[in-house]
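The block underneath contains the structure these notes are about, expressed in structure tokens.
The values are calculated or read from the model by the stated rules, or taken from the named source; none is laboratory data. All figures in this text were calculated on a predicted structure; none of them were measured in a lab. Cβ placement follows ideal geometry from the backbone for every residue including glycine, while neighbour counts extend to all protein chains displayed.
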Amino acid sequence: MRRLILFRHAKAEPADGSGDHGRRLVESGRADAARMGRWLAENDLRPDATLCSTAARARATWELASEAFASAPEVRFEEGIYGASPGSLLALTRSAGDEVGTLAIVGHNPGLAQFVEMLATKDSRVASQEHVEALPTAGVAVLELSDGGWSATAFGGARLDRIVTPKTLGEGGE
């Protein structure tokens with residue numbers, strides 16, 4: 001079984017006209033990113049590889065989250081994750097090597113939330129529907145895929161295992 005972890009960046013400062021790509025995390029976002037990293041580590045969800053948006057808030061989210069692991073997972077920064085459509089995210093997922101058992105993608109809405117909705121089977125989405133539609137900041141969706149290899153990943157071909165947010169963990173969560 002392969003696992004896909006979709007991780008939305010944590011809460012960032014508002015846009016100030018200097019460009020969306022450079023927005024940094026606010027203090028509560030930094031705390032939420034670290035908390036979600038600890039949750040991933042505590043639940044044995046260390047990715048073998050991570051694809052991360054080049055936006056400052058996504059990079060900082062992953063940097064803080066990955067501190068929870070005994071050894072930092074391999075990370076590759078992908079400019080194409082910023083503003084990515086579900087189709088683009090599917091193509092990135094399909095490009096993962098077969099040696100990767102657990103893949104994480106750190107990115108942005110609306111693309112990540114739409115990707116969860118399109119990738120997960122309808123039955124597995126029902127229990128977490130409210131979170132699938134929004135995937136709040138620092139939200140993590142964990143999906144399970146068959147062992148057909150990443151190149152065989154298809155919409156409707158994954159089971160949504162869970163969606164976890166700082167709020168559902170009882171800490172932070174703006």
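Per the listing H21, H108, the residue uniquely within 14 Å of the chain's Cα centre (by Cα) and of a type outside the set (A, V, I, L, M, F, W, C) is H108. Taking segment 45-160 as the region of interest, the helices (runs of 4 or more DSSP H) fully inside it that hold 3 or more residues being touching a helix residue (DSSP H, G or I) at 6+ places or on another chain (Cβ under 8 Å) and over 14 Å from I5 (Cβ atoms) are 56-66, 86-94, 111-119, 129-134. Of the residues making up segment 133-152, at least one is modelled with pLDDT under 90 and among the polar types (S, T, N, Q). Screening the candidates R94, R76, R38, R57 for the property of being surrounded by fewer than 18 Cβ atoms within 10 Å (Cβ to Cβ), within 23 Å of E117 (Cβ to Cβ) and of a type in the set (D, E, K, R) yields one hit, R94. Of the candidates G37, G87, G17, the single residue that is at pLDDT below 95 and either in contact with a Cys (Cβ under 7 Å, 6 or more places away or on another chain) or not acidic (D, E) (or both) is G17.
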